[in-house]
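One structure below.
No lab work stands behind these numbers, since they all come straight from the coordinates. If you're wondering where the values come from, they're calculated on a predicted model, not measured in any experiment. Cβ atoms come from the backbone with ideal geometry, glycine included; neighbour counts cover every protein chain shown.
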Amino acid sequence: MLSFNLRLEKRPLPSSTMRIAAPLLASVAMLITGLLVFAALGKDPLNALYEFFVVPINSSYGVGELLLKATPLMLCALGLALGFKSNVWNIGAEGQFTLGAIAGGGVALFWGPALGKLVLPAMLLAGILGGMGWAAIPALLRTRFNTSEILVSLMLVYIAQLYLTYLLHGSWRDPEGFNFPQSKGFDENATLPLLFEGGRATIAFVFALVLAAASWFFSTKTFAGYRMVVSGLAPAAAAYAGFNEKRNIWLALLISGATAGLAGICEVAGPIGRLQPSISPGYGFAAIIVAFVGRLHPLGIVLASLLMALLYLGGESVQLSLQLPSAITGLFQGILLFYLLAADLFVGFRLRRKVRDKPPRTLSAAAETIQPPA
Amino acid sequence: MNSEYLISIIVSTVVAATPLIYAALGELVVERAGVLNLGVEGMMLVGAVTAFVIGSTSGNLFLAYVSAALAATLLSLLFAFLTLTLQTNQVATGLALTLFGLGLSAFAGRNFAGLPITGLKPLVIPLLSNLPLLGPLFRFDPLVYGSLILFWAVHRFLHRTHAGLKLRAVGESPSVAHAVGQPVIRIRYLAVMFGGATSGIAGAYLSTALTPMWVEGMSAGRGWIALALVVFASWRPWRVLAGAYIFGAVWIGQLHAQAFGIPVPSQFLSSLPYLATVVVLVLISRNKRLTMMNTPASLGQPFVPDR
């Protein structure tokens, strides 16, 4: 019979090597697909790949841009990963990001002068609270009314964006801004210090790294973190042990809302420097991919967010140098996640060569080759 | 408010509801088979861009719809392969499908944004279409009638045919269905592909009928609203139909309110459909026991056929 000479065999235990190797495999597969896509678009594939993945970061400015783009992804993904681990699907980080920007930006716009040097901490705090508040809505509806947090958090993304637009067309609009729907620029005190001269990355990157360490500590060394992990892996066991499911949902959503809100305020208090209708190229959604590619592990997320940031920069780079559409970024992001999900197969299964190719001679051998119905 | 105006509102409500009906009925069948495909939004966008590109280059809208359905079906096959054959997490894979569809459609439609296209023509019914006042109610495009036929077909299929019973059995208890010899995975594959095709048609309707143009991310959350509609409908086709018309009415209502210059900021009115979705979801899922009874028992859970 003409069929694959290979078959899948279930591993006795999930392979921890493959768990780490899967994202690498997926990245390599994405690169190969990238070569094919570039070739199909009529570009020299190797040159295009060089323009996409190397050119953006071969200067210190470029490295700064990489850290700048990685920061919001990392912040959002760290929070989301905690939720995903415990089976709480917050997919509205983009909305919590927006609310964080609104809340923190509001502090800068209305209390900036009064707070003096304290304005920045106040903004960060407001941003965190804004994101938490927005995430509290799906948490409340899920725990109180059993409503899907997936759909609610997503609907709130659209509402948050409309709310921001409303503010910028109304009372928050800069009176001297030539009628553009944007706020006044934040002053010196209300902007985050730069990470290093000659780049645009801010100290928000340090916040993200600290948070990564904190998140590792939380999920491996604290009881609350342990409870969340158990509820994700074995909901029945968690219920039997008396872990409070509602507290888990609240915790997962509030934490992910807080980090997304922090990402939002760091973005407007950093590179953007004001409130404007478009403050994110979909960081909140891309962070979902980052969380998975990073294996929901803090270290993995740090690396995955750098890779994802490079995809953004690469898209911009080939748009300028090769006149390729920057939408290619979204394409690569999606492809990467697909490959990762597929590569995950090898965590639980392994490929084995089929031993027999000839038709079996005995009845018992024939019985062994009978495949289960697919 | 005069009656002519009322008729025009009804007409635009029906048109606005049509893509939701296609997408939600498809997803309903998918979920009835026990599979949760969160990629509706992505499949819709790919359908929309395919229909627009094929429609505007060939001028043949029939071809445009067929290719939109095919393109979205291909995407759904990818989802099916990952979730059913490789048994990946359905939530994560569905999200991946949406993100991929967003990127792919933006990429494929980059040279087509803002171009004009001749939209779907109404199907003129002799005599009825020329009625005074009521005429517009009989001048819908073929896809509107198609959505009603689809509703009827899905309803009949699920509740009046043997095949539909099998599909529901697979969704309720795949292990029992498997034990009595039903090809669980194959049935799920077919259901997912059906959902893909209808999402593609829903997307095509957006870019060739509702607003005949291509804009990046033009589905504006309709795929997610379709998913919410299935929950709202407690997995029953006729409630999908009713829900879609309610949503269509909200959508059109807020547009008209904006046109009227009602002293409420336009952004608040624009957020009404999303707000309504949340409210409706809360109302419907409030009763936990009822929800559990209605939800297909194996929804979202992978099935591994053992020997």
Item to check | Stretch gain in nm, segment A:Ser60-A:Lys10, where the contour uses 0.36 nm per residue and the Cα spacing is subtracted | outcome: 13.3 nm
Next on the checklist: Using a 10 Å cut-off around each Cβ, can you sort A:Asp44, A:Asp344 from fewest to most neighbouring Cβ atoms?
Outcome noted: A:Asp44, A:Asp344
Item to check | chain B - percent relative contact order, Cα under 8 Å, separation 6 or more | outcome: 37 percent
Checklist entry - Are there chymotrypsin sites (Phe, Trp or Tyr not before Pro) in segment B:76-152 that DSSP marks as loop and that have at most 10 other Cβ atoms within 10 Å, and which are they? => result none
Checklist entry - Computed FRET efficiency, Cβ-Cβ of B:Thr118 and B:Gln301, R0 51 Å: what is it to the nearest 0.05? => result 0.65
Checklist entry - Taking A:Lys184 as the anchor, which aspartates and glutamates have their alpha carbon closer than 18 Å to its alpha carbon, excluding any fewer than eight residues away along the same chain? => result A:Asp174, A:Glu176, A:Glu267
Item to check | Zone residues, segment B:183-200, relative to B:His162, backbone N less than 17 Å from point 7 Å out along Cα-to-Cβ | outcome: B:183-184, B:187
Next on the checklist: Per-residue Cβ counts within 10 Å, from other chains only, averaged over B:102-112: what number is that?
Outcome noted: 5
Checklist entry - If the limit is 27 Å between Cα atoms, which of A:Lys10/A:Lys85; A:Lys10/A:Lys221; A:Lys85/A:Lys117; A:Lys85/B:Lys288; A:Lys69/A:Lys221; A:Lys221/B:Lys288 go over it? => result A:Lys10/A:Lys221; A:Lys85/A:Lys117; A:Lys69/A:Lys221; A:Lys221/B:Lys288
Checklist entry - Between exposed chymotrypsin sites (Phe, Trp or Tyr not before Pro) in chain A, where DSSP calls loop and at most 15 other Cβ atoms lie within 10 Å, what's the longest gap? => result A:197-374
Checklist entry - Label points 7 Å out from Cα along the Cβ direction at B:Val180 and B:Leu131: separation in nm? => result 4.6 nm
Checklist entry - Going by alpha carbons, how many degrees (0 to 90, nearest 10) lie between the helix axis of A:119-145 and the longest principal axis of chain A? => result 50 degrees
Checklist outcome for this item: Each label sits 7 Å from Cα toward the beta-carbon; between B:Asn294 and A:Phe223 the label points are separated, in nm, by 4.0 nm
Checklist entry - Cα centroid distance between segment B:1-76 and segment B:77-119, in Å? => result 14 Å
Next on the checklist: I'd like to verify something in chain B: which complete DSSP H helices, judged by Cα projection on the helix axis, reach 30 Å or more and average at least -0.5 on the Kyte-Doolittle scale?
Outcome noted: B:3-32, B:184-205, B:237-260
Next on the checklist: Taking the number of other C-beta atoms within 10 Å as the exposure measure, put B:Trp238, B:Trp224 in order starting with the fewest.
Outcome noted: B:Trp238, B:Trp224
Checklist entry - Using alpha carbon centroids, what distance separates segment A:190-218 and segment A:22-91, in Å? => result 19 Å
Checklist entry - What does a probe at B:Ala242 reach in segment B:24-38, counting residues whose amide N is under 17 Å from the point 7 Å along Cα→Cβ? => result B:25
Checklist outcome for this item: The longest stretch of chain A containing none of the trypsin sites (Lys or Arg not before Pro) that sit in a DSSP loop with at most 13 other Cβ atoms within 10 Å is A:1-353
